[in-house]
Amino acid sequence: MNPCLAVSALHFKISQMPIRFPDYMEAMVFTRPQHPLILTRRVMPQPAPDQVLIKVMACGVCRTDLHIVDGELANPQLPLIPGHEIIGVVVKTGPQVVELMEGDLVGVPWLGYTCGKCKYCLRGAENLCENARFTGYTLDGGFAEYCTAYEKYCFRLTPDLAKPTSAPLMCAGLIGYRSYRMIPANALRIGLYGFGAAASILIQVANYQQKRVYAFTRDGDEAGQAFALKLGAVWAGGSSQTPPEKLDAAILFAPVGDLIPQALKQVDKGGTVICGGIHMSDIPSFPYSILWEERSIRSVANLTRKDGRDFIPFISKIPILTTVTTYPLSMANEALEDLRTGRIHGAAVLVLP
Ligand SMILES: [Zn+2]
Ligand SMILES: [Zn+2]
């Protein structure tokens, strides 16, 4: 077995962080859509006054990264260092940084900056900020040895989270949790379409809250269905299949528009279909009768810092176990490809020495 593909529970040694850091770093850089990332030597980034410099320990590979490198998301910063599921240690602070200190373990999520002034920010919906910047999309991210991040958008983490398996919590976990919270609290039977990193985290949250999870994978993906059953799904099947009972809600993580009418047919009266992804193929037309009886469809965009402040302490109660396949930084393209083909179950994570 390729050692890079070993499931790892490797713990980092925070105490071994370098005191001096080099003038250059290595990064996997995205330069144009539908081309591989390029391993590049970059000048060490310097934190702005309200930013920190972070030594990246691990960075998860998310489906959104695939949408970016495939050119499905408009206007990325170019050239770009992708990656928005970062676990790392603060090694330098800008002069206006007040809360974080060198040596702090932090997580850096997708939401990298908001303006605090637009109508969305002012009403507490910073996930919709008109001037938001996103890690690994419009800000350089964590497919690199180091990255900078705005202090106020980093989550301070407890030392037990200093491991590669924590990386998927920063997006798959957070966006999954935000999607989950869109479901009425009394929903009991929950369908998860697309059983990747987000669903594998969310099922643990749902089981903890004694919900019944129905897992939908690509048709014929028996390994994916077995993985879901192992994690506690009460039923697992292909996305075109009908589960044994109606669902109160369904969350779609697979970026496939055809799943919306399929899921609507499975949800009960008053049920909700939540779309957790940033991109989806076109939704085919469908008869009004499957939306009728107060079923609803809604999307989830980004996250707020409150989502993180609620989620991170909450998961320490469960706690969440993530299954990861680890790769060195230089194998980011292989990690993206394995995610694309569904060759891995759980999450792909780049691990840096
Ligand atoms: Zn704003
Ligand atoms: Zn993501």
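The values are calculated or read from the model by the stated rules, or taken from the named source; none is laboratory data. No experiment lies behind these values; they were computed from the predicted model shown. We place every Cβ from the backbone using ideal geometry, glycine too, and count neighbours over all the protein chains shown.
So which residues in the stretch 40-60 are assigned to a strand (DSSP E or B), under 26 Å from the mean Cα position of the chain (by Cα) and either within 14 Å of Ala27 (Cα to Cα) or within 16 Å of ligand 1 (Cβ to nearest atom) (or both), if there are any at all? Can you show your working first?
Pass one, the stretch 40-60, residues assigned to a strand (DSSP E or B): 40-43, 51-60.
Narrowing the set further to residues that are under 26 Å from the mean Cα position of the chain (by Cα) leaves 40, 42, 51-60.
Answer for the stretch 40-60, where residues must be assigned to a strand (DSSP E or B), under 26 Å from the mean Cα position of the chain (by Cα) and either within 14 Å of Ala27 (Cα to Cα) or within 16 Å of ligand 1 (Cβ to nearest atom) (or both): Thr40, Arg42, Ile54, Lys55, Val56, Met57, Ala58, Cys59.
Of Ala187, Ala149, Ala167, Ala198, which residue is away from ligand 2 (no atom under 16 Å from the Cβ) and either at pLDDT 95 or above or in a helix (DSSP H, G or I) (or both)? Don't jump to the end; show me each part of the working.
On the way: Ala149 fails: away from ligand 2 (no atom under 16 Å from the Cβ); Ala167 fails: away from ligand 2 (no atom under 16 Å from the Cβ); Ala198 fails: away from ligand 2 (no atom under 16 Å from the Cβ).
Of the residues listed, the single one that is away from ligand 2 (no atom under 16 Å from the Cβ) and either at pLDDT 95 or above or in a helix (DSSP H, G or I) (or both) is Ala187.
Give me the residue from the stretch 343-353 that is closer than 14 Å to Ser200 by Cα and at pLDDT below 95 and, out of that set, surrounded by the fewest Cβ atoms within 10 Å (Cβ to Cβ). Before you say what the answer is, go through the steps one by one.
Kept after step one, since they are closer than 14 Å to Ser200 by Cα, are these residues of the stretch 343-353: 344-348.
Now narrow it down to the ones that are at pLDDT below 95: 344-347.
Details: Ile344: 19, His345: 21, Gly346: 22, Ala347: 29.
Among them, the one singled out is Ile344.
What are the residues in the stretch 107-140 that are of a type outside the set (Lys, Arg), more than 16 Å from ligand 2 (Cβ to nearest atom) and either assigned to a loop (DSSP other than H, G, I, E, B) or crowded, with 21+ Cβ neighbours inside 10 Å (or both), if any?
If the condition is that a residue be of a type outside the set (Lys, Arg), more than 16 Å from ligand 2 (Cβ to nearest atom) and either assigned to a loop (DSSP other than H, G, I, E, B) or crowded, with 21+ Cβ neighbours inside 10 Å (or both), then Thr114, Cys115, Gly116, Cys118, Gly124, Ala125, Glu126, Cys129, Glu130, Asn131 are the ones that fit.
Give the residues of the stretch 207-223 that are surrounded by fewer than 22 Cβ atoms within 10 Å (Cβ to Cβ) and out of contact with any Lys or Arg (no Cβ under 7 Å at 6 or more places or on another chain), sorted by residue number.
Hits for the stretch 207-223 are Asn207, Tyr208, Gln209, Gln210, Lys211, Arg218, Asp219, Gly220, Asp221, Glu222, Ala223.
Assess whether Thr322 counts as being surrounded by 19 or more Cβ atoms within 10 Å (Cβ to Cβ), part of a loop (DSSP other than H, G, I, E, B) and either more than 14 Å from the chain's Cα centre (by Cα) or on the phi < 0 side of the Ramachandran plot (or both). Full working, then the answer.
Details: surrounded by 19 or more Cβ atoms within 10 Å (Cβ to Cβ): yes; part of a loop (DSSP other than H, G, I, E, B): yes; either more than 14 Å from the chain's Cα centre (by Cα) or on the phi < 0 side of the Ramachandran plot (or both): yes.
For Thr322, the condition - surrounded by 19 or more Cβ atoms within 10 Å (Cβ to Cβ), part of a loop (DSSP other than H, G, I, E, B) and either more than 14 Å from the chain's Cα centre (by Cα) or on the phi < 0 side of the Ramachandran plot (or both) - is met.
Go through the stretch 276-305 and report how many residues are touching a residue at least 60 places away in the same chain (Cβ under 8 Å) and of a type outside the set (Ser, Thr, Tyr).
Let us first name the residues in the stretch 276-305 that are touching a residue at least 60 places away in the same chain (Cβ under 8 Å), namely 276-279, 298, 300-305.
When the remaining residues are screened for being of a type outside the set (Ser, Thr, Tyr), the result is 276-279, 298, 300-303, 305.
Number of matching residues: 10.
Just wondering, is there one or more residues in the stretch 234-242 that are outside any loop (DSSP other than H, G, I, E, B) and crowded, with 24+ Cβ neighbours inside 10 Å?
Filtering the stretch 234-242 for residues outside any loop (DSSP other than H, G, I, E, B) gives 235-238.
Narrowing further to those that are crowded, with 24+ Cβ neighbours inside 10 Å: 236.
Among the residues of the stretch 234-242, at least one is outside any loop (DSSP other than H, G, I, E, B) and crowded, with 24+ Cβ neighbours inside 10 Å, which makes the answer yes.
Identify all residues within the stretch 70-99 that are surrounded by 15 or more Cβ atoms within 10 Å (Cβ to Cβ), part of a loop (DSSP other than H, G, I, E, B) and under 19 Å from the mean Cα position of the chain (by Cα); write none if there are none.
Within the stretch 70-99, Glu72, Leu73, Pro76, Ile81, Pro82, Gly83, His84, Glu85 qualify.
Just wondering, is there one or more residues in the stretch 150-171 that are in contact with a helix residue (DSSP H, G or I) (Cβ under 9 Å, 6 or more places away or on another chain), free of Cβ contacts under 8 Å to residues at least 24 places away in the same chain and polar (S, T, N, Q)?
No, the stretch 150-171 has no match at all.
For the stretch 247-262, indicate whether the set of residues that are modelled with pLDDT of 95 or more, in contact with a Leu (Cβ under 6 Å, 6 or more places away or on another chain) and polar (S, T, N, Q) is non-empty.
No, every residue in the stretch 247-262 fails to be modelled with pLDDT of 95 or more, in contact with a Leu (Cβ under 6 Å, 6 or more places away or on another chain) and polar (S, T, N, Q).
On the given criteria, is Thr93 farther than 27 Å from Leu169 by Cβ and out of contact with any Cys (no Cβ under 8 Å at 6 or more places or on another chain)? Walk me through how you get there before you give the answer.
Details: farther than 27 Å from Leu169 by Cβ: no; out of contact with any Cys (no Cβ under 8 Å at 6 or more places or on another chain): yes.
In short, no.
Taking the condition exposed (fewer than 14 other Cβ atoms within 10 Å of the Cβ), among the hydrophobic types (A, V, I, L, M, F, W, C) and farther than 22 Å from Met28 by Cα, does Ile278 pass?
Values: exposed (fewer than 14 other Cβ atoms within 10 Å of the Cβ): no; among the hydrophobic types (A, V, I, L, M, F, W, C): yes; farther than 22 Å from Met28 by Cα: yes.
Considered against the rule, which asks whether it is exposed (fewer than 14 other Cβ atoms within 10 Å of the Cβ), among the hydrophobic types (A, V, I, L, M, F, W, C) and farther than 22 Å from Met28 by Cα, Ile278 comes out as no.
With the condition kept exactly as written, say whether any residue in the stretch 285-302 is in a strand (DSSP E or B) and more than 19 Å from the chain's Cα centre (by Cα).
yes
Test His67 against the stated conditions and say whether it is of a type outside the set (D, E, K, R), modelled with pLDDT under 95 and closer than 25 Å to Pro164 by Cβ.
Working: of a type outside the set (D, E, K, R): yes; modelled with pLDDT under 95: yes; closer than 25 Å to Pro164 by Cβ: yes.
Answer is yes for this residue.
Working only within the stretch 80-106, note down all residues that are among the small types (Gly, Ala, Ser) and closer than 30 Å to Gln34 by Cβ.
First pass over the stretch 80-106, keeping only residues among the small types (Gly, Ala, Ser): 83, 88, 94, 103.
Scanning the stretch 80-106 gives Gly83, Gly88.
Any idea which of Gly142, Gly136, Gly112 is of a type outside the set (Asp, Glu) and on the phi > 0 side of the Ramachandran plot?
Details: Gly142 fails: on the phi > 0 side of the Ramachandran plot; Gly112 fails: on the phi > 0 side of the Ramachandran plot.
From the options Gly142, Gly136, Gly112, the qualifying one is Gly136.
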